[in-house]
Each structure stands twice: as structure tokens, then as C-alpha cells.
1. Any residue in segment 72-93 that is in contact (Cβ under 8 Å) with a residue 12 or more places away in the chain sitting within a Cβ distance under 6 Å of a residue that is of a type in the set (Val, Ile, Thr) and surrounded by fewer than 23 Cβ atoms within 10 Å (Cβ to Cβ)? List the pairs, counting only those 6 or more apart or interchain.
2. For segment 188-213, give me the residue count where each residue is modelled with pLDDT under 90 and open to solvent by 70 Å² or more (accessible area, probe 1.4 Å).
3. So if I check each of LEU31, LEU58, which one is of a type in the set (A, V, I, L, M, F, W, C), out of contact with any Phe, Trp or Tyr (no Cβ under 6 Å at 6 or more places or on another chain) and closer than 20 Å to TYR76 by Cα?
4. Please state which one of LEU12, LEU8 is under 16 Å from GLN71 (Cβ atoms), of a type in the set (A, V, I, L, M, F, W, C) and under 32 Å from the mean Cα position of the chain (by Cα).
5. Identify the residue in segment 121-135 that is hydrophobic (A, V, I, L, M, F, W, C) and open to solvent by less than 60 Å² (accessible area, probe 1.4 Å) and, among all such residues, is nearest to GLU165 (Cα to Cα).
6. Quick one: in segment 270-281, of everything that is in a helix (DSSP H, G or I) and more than 18 Å from PHE387 (Cβ to Cβ), which residue is most open to solvent (accessible area, probe 1.4 Å)?
7. Within segment 451-462, which residues are outside any helix (DSSP H, G or I) and over 24 Å from the mean Cα position of the chain (by Cα)?
Amino acid sequence: MPPQPSPLQSGLAAAEAGDYARADAIARGLLARNPADVHGLQIAGYAAFRQGRNEEALRAFLSAHRAAPGQPALLYWLGVLFKERGDFEQAERAFRDALRVNPRYGEAWCHLGETLYLRDRKEEARQAYEAAIAAEPSSAAVLARAAKHFEITHDLARARTLSEEAVRLYPEDEIGKIALVEIDLREGRNDDVIARAAPILASGVSNPRSRSRLSHLVATAHDRKGEHDKAFTAYVEANHLQRDLDLDRARLTPSPLQTENLDRLIAFLRTSEIGAWPRHIHLEGAAPVFLLGFVRSGTTWLDQILSSHPGVSVMEEEDNFIDAWRDLLISDAGLRRLAALSREEANFYRDRYWARARKILKAADDHLIVDKLPLNTVNLPLIWRLFPEAKIIFALRDPRDAVFSAFQQYFQINTGMSHFLDITAAAGFYDRVMTIGLIVRESAAIAVHEVRYENVVADLESEARRLIAFLGLDWNPSILNYHETARKRAIRTPSARQVIERPYATSIGKWRRYREGMAPALPILAPWVATLGYDPD
């Protein structure tokens, strides 16, 4: 008679299969006898993670680690959860601690590689993935994760070899098959994507996140084939699955991007004389340039263009205002403080900004620093208070194209990206974000240079020259080789695959192909179409 599985094995298997009631019951039984039971905490943490409740999962694994420090599996999960919340420094530390105990832990090597990539340490990331393959050359999960890395870093031949090996070794394992579908899509094999994904989806993929990813890959293949109705249906399916997994977490995480906080800020700005706020001069330290606007408006292209100038360093997608917005943007009392901010307080938050920025900056002292985060548009009131001398690059795109493009991306869901899981919510988010940007721009003496996506596509060099002139820099021809810069950098946005190519016109007016699906969003966006001067049709 085969041995019965342990409570830990049973609980983890139940969570893996989506039977969260059983997993929770096993965890509660263990924790009722001992609140510090490591196995009970581990089951509870894994079940919470599978349901997208990452903060709850992190608390459980931290408790388990305190009860039994030094266990590689617990350190691994701490690393995963720190990475998911964007705390890459602690994630790297946890993965390295796990690997010191067990250097043959392939998936820990993979996650370390991803963390290093996210920290823009691309060569170290590649070495970590090679170590993962050497440690567990027959692991489908390791091979698939490594394939994903080599695909995103444009080594498609290596990526295909790894994904095919994963499928050969484990033909029933969905991880390797999904990796192969992703390679097919990258190589433009749209029919193969649809054909390969169909039996996986029909078989009832157990992991809802895998099902969401597959649905999104199929949607993109239909989109590229011009099958727009099928594509929109599949995008909706993928987004609904992501919403079920991640929306509650996004709503519970404090952020200025939550709808109620956006509405509070808009109401405050509309009744406040921003131009009359005390403007402090001779503040301490330098001011960066801010690259903002809205998601999917060409900011990643502009990032690569600017990064190709030898005198510019771009910080990509980091929330360096977190200390300031926590205190000043998400409560009525905070907003009153914002308007009356003293010079000493401005210097304090300015210093906190740079304390965060210095952790990720690798710039020479004489470089111009550009902070690229599109949704810093919501933080424009903070920028005006803390960095009134800063130059602003404001990226614009037809609102309908920007919103649809965001809707069709497979983002890692956080508070901001959660708005894009529904087309109407995405349009409402655009309206709120751009309203904040417009109010501040019309009320405060901010130095702003607009760059329109459509103009970059039409005449890249002219737009780049105007941008460089606005920044007070000399023209450098290396700027036009931005795609070579992109190949060398770790790019975290969904544009990573696109920015190694020349700008293309096929995405301009793309919303028209999805007019029926976008119908609920169009009335919300119509005023912005008019305000920004785009064709109303």
C-alpha cells in the first residue's frame, strides 16, 4: 500500500489544484494545534498566493521563516513574494540565502535571474539562468522559465530549444507548452499559437493564471491575423481571469491610483488656486526631468531614445514619490498639507525622493537624470511642489489607441494596471489621470514639452531633435540607434519586444478595428479626443 501523503503535501496539492477550501481546512487544522506550525503557515501562504492575496501570503511565509529560519523553500517563497511587490533588494537577498543552503535549487536560480534582470543587471541574470539549467537540466519549470528569459532578451533560438526540450521531457506539463506558444507568437507563427493553445485550453488548464496567459496569447495571434472579434473576446477572457486573481489585492493596496483617491485629488485641485501655492526657490539638490503622460503613449520608445544620448540616464518605472504621496495625496489632511508645504518640508520629501532614486541609479555625476513613469502624471501636484524647476516631457497619443493598447496588454497587475482589465474602467482611468495632468499644467508655471506618438512614428529624427533641444543638450547621432540601446538594457514594460524595431504606423487608429468592443469607452474619451485635437472619427 503506498504511503499516505503528509498534511503538507495534501495542503499544497489542494492549493495547486484550486481546491482552496480544502487547503485552508488543512492549514487551519495544523494551526489550531500550533499557531506557529511551519507546514500550516506554508499551506496558508501558498493558498493565498495562488488566489492573488500576496500580502497575506508574505505574512504567512515570514511567520514560517521566523519559526524555522534557514529553510530553502521558505526563503524561496519570501523571495518570490518580495519580487512580486517590487522589493527587488530583499528578493535578491532571500534567493541568495536559499541558494547558499541548496545550490541545486533550479527555480530559485530562475527567480534570482528574473530579479537581477529587473534590477538591470542583465549579464548576471543570464548567468543565473545558466546556473538554473545546470542545476536542474530536466526540470520543465526551469527550462520554461529560462526559455522566457532568453525570449525577452531576443535570443529566440535558445528560447525555442529550451521550450521544446521542456515539452519533450514532460509532454503533459502545461508550463513548457505555454513557453513554446510564447515563442511561436514572438516568431509570428500565429496559426501555430492558436492551434497549439486550443487543446491546452480545452483540457481545462488547472492554473487560472496559466489560462489567462494562454487566452492572451491566443488573443494577440487573432489580432495579428486581423480576426478582431475573436481577438477582443479572448482579451476579455484573459482580463476577466486576471481580475479574479488580482483585483482584490490591487484595490486593497494603498495608492494614489485608486479611484477614490483620484476623485479626491481632482476635487481638491478644482477648488484650489494652485498658482497661488507658495513656490519655494533654491531648494536643496538637483531636479530630474520627468517623463510622464499615460500608459502606452510611447514613453518606452522615448526612454530608449534618451538613453542613447551619452549624457542622459533614465530611471525606468520606479515609484520614487512613495514617501510623499503617502503623506500628501491620499487623504484630505494630506492635501491641505500639500498646499501649505513649507520649504523645510519640501526639502525633506525631495531628499526622500533622491534616497530612493539613488538605490537604482548608475549614472555619472554629470548625467541628466530622467525619471520615466507615465502615471507620475497623477503625482504632478507633488512634482510642482517638490521640483518646481523640473522639466516635464509629456507623452501624448490618441486616447482611444492608448486605452485600447493598455486593455490588450498582459500586465503584472498592481493598482494602476488593474484599471485596464475592463475597457470602460480603462477609459475612466484615462479621464481621471489626464484631468489631474491638465489642471496642474494649466494652473502652474511648469516647463512642459509634449511629444506625440503619431509624430514620432512620422518623423523620428525631427521629434528627437526637438526633444534634445528642450533638454538643453547637444545633438548626438547615436540617438537614432536607440534600438541597439534597447537590446542591451533590461526593459520591464510590455514594449520590450517592440522598441528594438522602428516605430510603425499600424498601431495608429487601431481602435477603429475594435469599435464595437470599445463602444462603452468612446463617450468617456470623446472630450479628450477633442481637447487633444485628434480626429473625432
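1. Every condition considered, the pairs that remain are PRO72/VAL101.
2. Count: 4.
3. On the way: LEU31 fails: closer than 20 Å to TYR76 by Cα.
Residue meeting the stated conditions: LEU58.
4. None of the other options fit; the residue is LEU12.
5. It comes out as ILE133.
6. Here the answer is ARG270.
7. Here is the first cut: in segment 451-462, the ones outside any helix (DSSP H, G or I) are 451-452, 459.
Correct list: ASP459 only.
This table checks each residue for (1) under 18 Å from ALA238 (Cβ atoms); (2) open to solvent by 10 Å² or more (accessible area, probe 1.4 Å); (3) in a helix (DSSP H, G or I).
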position	(1), (2), (3)
VAL403	yes, no, yes
TYR410	yes, yes, no
HIS419	yes, yes, yes
ARG441	no, yes, yes
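The values are calculated or read from the model by the stated rules, or taken from the named source; none is laboratory data. All values derive from a computational prediction rather than experimental measurement. Note that each Cβ is placed from the backbone with ideal geometry, even for glycine, and that neighbours are counted across all protein chains shown. These area figures cover heavy atoms from the full protein model, side chains too; ligands, DNA and RNA do not enter into them. Shrake-Rupley method; radii C 1.70, N 1.55, O 1.52, S 1.80 Å.
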